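The values are calculated or read from the model by the stated rules, or taken from the named source; none is laboratory data. For clarity, every value in this text was computed on a predicted model and none was experimentally measured. We place every Cβ from the backbone using ideal geometry, glycine too, and count neighbours over all the protein chains shown. For the accessible areas, the whole protein counts, side chains as well, though only heavy atoms, and no ligand, DNA or RNA atoms are used. Shrake-Rupley method; radii C 1.70, N 1.55, O 1.52, S 1.80 Å.
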Amino acid sequence: MSYSRVAVLRVFFVALALAIASVPLSAEKKQPPPPPARAKSPVPAVTDDYVHKEFGDNCSLLAGPPQFVGDLDGDGIDDLAVAARCKNPMADQAEYGFLVADPYNSFLGFGEVKVTSTFASDAPERKGVSLLVVHGVGPEAWRSDKAKPKFLLINLPFKTLTVKRLALKKKTVLGVYMEEKGEGENTSSVVFWDGKKYRYQVLGASLE
């Protein structure tokens with residue numbers, strides 16, 4: 001066998017070996033991240049003192065709905081979600097560094113929160129009802145004194161709240177599930193972090 005033919009065969013077998021070695025790498029497509037841990041209750045429970053510290057005196061805890069701790073934004077750090085009643089959502093957002101958002105009316109096509117924040121419920125017990133979300137930062141997570149992303153979500157028509165896993169196209173996240181009241185009576189829906197903002201999605205009729 002001539003030297004040139006040997007050299008060609010060597011190149012062929014080296015290329016074949018590299019191709020075979022690369023097959024597992026290409027076959028192992030990027031796997032979706034593991035699902036987040038299930039939400040739990042904060043211990044000790046959040047008080048009005050915490051709410052006033054993070055969102056101002058215009059907001060106070062809403063009696064009844066449970067409080068939740070879980071990784072809502074997918075960064076591996078626990079976040080907090082609690083129901084509250086806020087008299088004037090827009091008044092303190094610059095002072096306390098939170099963002100007022102309205103996922104529900106954004107879903108319906110009303111995207112200007114300065115306008116939708118003035119919408120008032122016909123039911124007195126629904127006025128000012130909000131969902132407060134604090135994204136965790138560092139080892140102390142949502143309890144940290146460092147500046148952290150905070151959201152005051154308005155106009156969510158919830159009757160009950162629970163936090164559990166939500167399967168999206170490419171990953172599983174924690175969502176805030178709601179049984180609705182008012183116009184959406186007997187309808188279930190969910191609010192979840194899409195990587196940039198909190199998004200509202202209708203799930204359909206409840207099983208009640």
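Could you order the peptides 33-40, 97-104, 63-70 from most to least packed, using the average number of other C-beta atoms within 10 Å per residue?
Details: 33-40: 13.8, 97-104: 20.6, 63-70: 17.2.
My ranking of the peptides, most packed first, is 97-104, 63-70, 33-40.
Residue separation times 0.36 nm, minus the C-alpha to C-alpha distance between Gln31 and Leu168: what's the value?
Here the answer is 47.9 nm.
Going by average Cβ density within 10 Å per residue, which order do the peptides 133-144, 164-175 take, highest to lowest?
133-144, 164-175
Round to a whole number: what % of the accessible area of the range 64-148 belongs to carbon and sulfur, probe 1.4 Å?
Details: 2320 of 4350 Å².
On the range 64-148, the fraction of accessible area on carbon and sulfur atoms equals 53 percent.
I'd like to compare 191-201, 74-84: which one has the highest average count of other Cβ atoms within 10 Å, and what's the full order after that? Mind showing how you got there, number by number?
Numbers: 191-201: 16.6, 74-84: 20.1.
Per-residue Cβ counts within 10 Å, averaged per peptide and sorted highest first, yield 74-84, 191-201.
Do you know the Lys pair count in the range 90-208 for C-alpha distances under 23 Å, with sequence separation 8 or more or different chains?
For the range 90-208, qualifying lysine pairs total 28.
For the range 52-166, with the dipole built from +1 on Lys and Arg beta-carbon atoms and -1 on Asp and Glu ones, taken about the Cα centre, which of Leu99, Gly76, Pro66 lies farthest toward the positive end?
Of the candidates, Pro66 comes out farthest on the positive side.
By the gyration tensor of its Cα atoms, with a ≥ b ≥ c the square roots of the eigenvalues, what is the shape of the range 84-208: rounded for a/c under 1.5, prolate for a/b over b/c, or oblate?
Judged from the Cα gyration tensor, the range 84-208 comes out oblate (a/c at least 1.5, b/c at or above a/b).
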